[in-house]
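Below: the structure, in structure tokens.
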Amino acid sequence: MLSILRLLGCLAALLLCACAGSGPLFDESEFGSESIPDAKARLVFFRTRDSALYVARQAAVSLDGEKIAGVSYGSFLVHEIDAGDHGLRADMWDMPGQCELILTAIAGETYYFQVDPRSESFGAFASGDLATQLLTTNVFVNVAGGVTAVAAESYGKECGGAFHIYPVDAATAITRLGPLRRAN
């Protein structure tokens, strides 16, 4: 049993290292001064280090139903899009629910979006897992209980699931982006 715990500890440490942003710091990158291509708008997605929830997990960011990248703990990503209406979504592949919003992008503009873990989702998972632990010692049943609780918590919400995505004004975003690394 002790060797299994050690193995799980090593895997957790590996995940923590593998999921953090490892590119250049935002303050050292060209994105703040680089011009936006003609007829395009710039999207900057970021995840601060303010919450340790889902620290070893990426938030999948999708544009118009297509995944464009994952935003890790302490990282940012930049993506150019055509002007017009676009659907943005943040979710985690193995958790029910998602957070969605609509953006009407104007050419030449930069839009900042913060992606944060939803404590309600994490709390639902933990309570569902705990409830099933009282009934069984089967790990798969415990995880299923947690996932079921997340599904119930997220059901019918425009912004459910593990992550929340929301717009942030430029001045606030630049301050929060400074110490973050580019997602690879």
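Evaluate the following for residue 85: is it over 17 Å from residue 180 (Cβ atoms), open to solvent by 50 Å² or more (accessible area, probe 1.4 Å) and either assigned to a loop (DSSP other than H, G, I, E, B) or touching a residue at least 60 places away in the same chain (Cβ under 8 Å) (or both)?
Details: over 17 Å from residue 180 (Cβ atoms): yes; open to solvent by 50 Å² or more (accessible area, probe 1.4 Å): yes; either assigned to a loop (DSSP other than H, G, I, E, B) or touching a residue at least 60 places away in the same chain (Cβ under 8 Å) (or both): no.
So residue 85 does not fit the description; no.
Quick one: which residue in 90, 107 is more than 20 Å from the chain's Cα centre (by Cα), modelled with pLDDT of 55 or more and either surrounded by 14 or more Cβ atoms within 10 Å (Cβ to Cβ) or not in a helix (DSSP H, G or I) (or both)? Step through it out loud before you land on a result.
Numbers: 90 fails: more than 20 Å from the chain's Cα centre (by Cα).
Criteria check complete, one pass: 107.
If residue 91 meets every condition in (1) more than 15 Å from residue 165 (Cβ to Cβ); (2) touching a Gly at 6+ places or on another chain (Cβ under 8 Å) apart from one, which number is that one?
Condition not satisfied by residue 91: (1).
Looking only at the stretch 163-176, decide whether some residue is assigned to a helix (DSSP H, G or I), open to solvent by less than 40 Å² (accessible area, probe 1.4 Å), at pLDDT 85 or above and not β-branched (Val, Ile, Thr). Spell out the reasoning first.
Residues of the stretch 163-176 assigned to a helix (DSSP H, G or I): 170-176.
Pick out the ones that are also open to solvent by less than 40 Å² (accessible area, probe 1.4 Å) and you get 173.
Next, from what is left, pick out any that are at pLDDT 85 or above: 173.
Narrowing further to those that are not β-branched (Val, Ile, Thr): 173.
Looking through the stretch 163-176, at least one residue is assigned to a helix (DSSP H, G or I), open to solvent by less than 40 Å² (accessible area, probe 1.4 Å), at pLDDT 85 or above and not β-branched (Val, Ile, Thr).
Scan 57, 42, 47 and give me the residue that is open to solvent by less than 30 Å² (accessible area, probe 1.4 Å), out of contact with any Gly (no Cβ under 8 Å at 6 or more places or on another chain) and of a type in the set (Lys, Arg). Don't jump to the end; show me each part of the working.
Working: 57 fails: open to solvent by less than 30 Å² (accessible area, probe 1.4 Å); 47 fails: out of contact with any Gly (no Cβ under 8 Å at 6 or more places or on another chain).
When all the criteria are applied, what remains is 42.
Restricting to the stretch 60-69, and then to whatever is open to solvent by 10 Å² or more (accessible area, probe 1.4 Å) and within 13 Å of the chain's Cα centre (by Cα), can you tell me which residue is modelled with the lowest pLDDT?
Step one: filter the stretch 60-69 for residues open to solvent by 10 Å² or more (accessible area, probe 1.4 Å), giving 60, 63-69.
Still in the running and within 13 Å of the chain's Cα centre (by Cα): 60, 67-69.
Working: 60: 94, 67: 96, 68: 94, 69: 91.
The extreme case among them is 69.
Hey, can you tell me all the residues within the stretch 26-39 that are open to solvent by less than 40 Å² (accessible area, probe 1.4 Å) and either at pLDDT below 90 or closer than 11 Å to residue 76 by Cα (or both)?
Narrowing the stretch 26-39 to residues open to solvent by less than 40 Å² (accessible area, probe 1.4 Å): 26, 29, 31, 36.
Those that are open to solvent by less than 40 Å² (accessible area, probe 1.4 Å) and either at pLDDT below 90 or closer than 11 Å to residue 76 by Cα (or both): 26, 29, 31.
The values are calculated or read from the model by the stated rules, or taken from the named source; none is laboratory data. Everything numeric in this text was worked out from a predicted model, so none of it was measured. Counting neighbours? That spans all protein chains shown, and the Cβs are built from the backbone with ideal geometry, glycine included. Only protein heavy atoms, including side chains, enter the accessible area calculation; ligands, DNA and RNA are left aside. Shrake-Rupley method; radii C 1.70, N 1.55, O 1.52, S 1.80 Å.
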